[in-house]
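Here the structure comes first, spelled out in structure tokens, and everything after it is commentary.
Derivation of every value follows stated rules applied to the coordinates shown; laboratory data play no part. Here the structure is a predicted model, which means the values were calculated and not measured. Cβ: placed from backbone, ideal geometry, glycine included. Neighbour counts: every protein chain shown.
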Amino acid sequence: MNIDGELIGINVAVRAGAQGIGFALPIDDVKRVAAEMLSTRRLASTWHGLVADETRNSAVRKVELVDVQPNSPAAVAGFLAGDQVIRVGELDVHTPLDIERGLLDFRAGQQASIRIRRKGQDQTVAIGLQPLPRTTAPVEAGEQVWRTLGLKTTPVTPEYVVAASPKLRGGLYVQAVSPGSPGAQAQIQKGDILVGVNVGERHWETIRPDNILFILRQPEVTQSQHLQFYIVRQNGLQRHSMSVAEVATTRHTLSR
């Protein structure tokens with residue numbers, strides 16, 4: 001906890017033989033992962049299309065929409081990036097996790113009332129959750145990565161990448177690259193092994209295709225201009241940059 005009594009981390013290990021040094025997960029990372037694990041997409045197979053992030057101005061915390069997925073229920077309902085989410089149903093919203101919690105009890109086709117603040121004015125917007133589109137189902141994650149990034153991948157074990165770094169836990173072997181795709185423009189080649197993605201100060205490993213889909217849904221991605229991809233090529237670790245605008249354009253075209 002910090003001096004204000006706020007939870008800032010969760011201990012996950014203590015090294016008894018090293019003066020009791022502790023290791024903790026940053027609370028912001030914990031909340032993001034919890035929101036993903038408790039999302040309506042995972043637990044109820046429903047879809048809303050709201051992409052939110054928590055912002056702080058002095059002592060005031062707000063949850064704002066950083067993106068509204070194209071052709072989603074949220075887009076149809078009229079939500080806009082920049083809207084502050086105040087309440088979902090009867091649940092006050094303090095973190096993006098509260099949005100998922102508030103919508104979990106609503107089935108596909110049911111209307112949920114969400115209180116937002118737009119340009120200083122409060123209003124209530126009704127959103128009807130829809131069944132999860134088949135193209136985002138976990139069993140089709142590899143196909144979704146192919147359509148979005150132009151990369152056909154298959155998971156590989158740590159043995160394939162340990163020569164580049166003993167810390168790597170595996171990766172995604174690139175079987176094919178679609179010409180003109182975001183992957184091709186990032187100079188990713190057939191035979192490369194995708195092992196991680198950086199956005200700002202955050203780093204994610206990529207050992208399954210659904211890891212990439214999770215990364216692309218994060219607020220940091222919509223607020224950035226480039227994704228930093230790490231690949232293993234000829235037993236060496238290389239970094240490549242991919243334009244977020246190109247990825248967004250591809251996703252929008254596919255959602256039509």
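A few comments on the model shown:
- Cα gyration tensor category, rounded, prolate or oblate, for region 29-131 with a/c compared to 1.5: oblate
- Selection of GluC sites (Glu not before Pro), region 67-141, meeting DSSP coil and at most 15 other Cβ within 10 Å: GLU90
- Stretching LEU7 away from LEU43 to a fully extended chain increases their span by 10.3 nm, per 0.36 nm per residue minus the current alpha-carbon distance.
- Oblate is the label for the chain. Its Cα gyration tensor axes, ordered a ≥ b ≥ c, give a/c of at least 1.5 and b/c at or above a/b.
- Region 50-115: trypsin sites (Lys or Arg not before Pro) falling in loop per DSSP and having at most 15 other Cβ within 10 Å: ARG107
- The loop-placed GluC sites (Glu not before Pro) in region 165-221, going by DSSP, that have at most 10 neighbouring Cβ atoms within 10 Å of their Cβ come out as GLU201.
- Counted charge near GLN223, where neighbours are those whose Cβ lies closer than 12 Å (Asp, Glu -1; Lys, Arg +1): -3
- Proximal charge balance of ILE8 [Cβ under 13 Å; K/R count +1, D/E count -1]: -2
- The simple spin-label model puts a point 7 Å past each Cα toward its Cβ; for LEU237 and VAL60 those points are separated by 4.2 nm.
- Charged-residue dipole, Cβ positions (Lys, Arg, Asp, Glu), the chain about Cα centre, Debye nearest 20: 440
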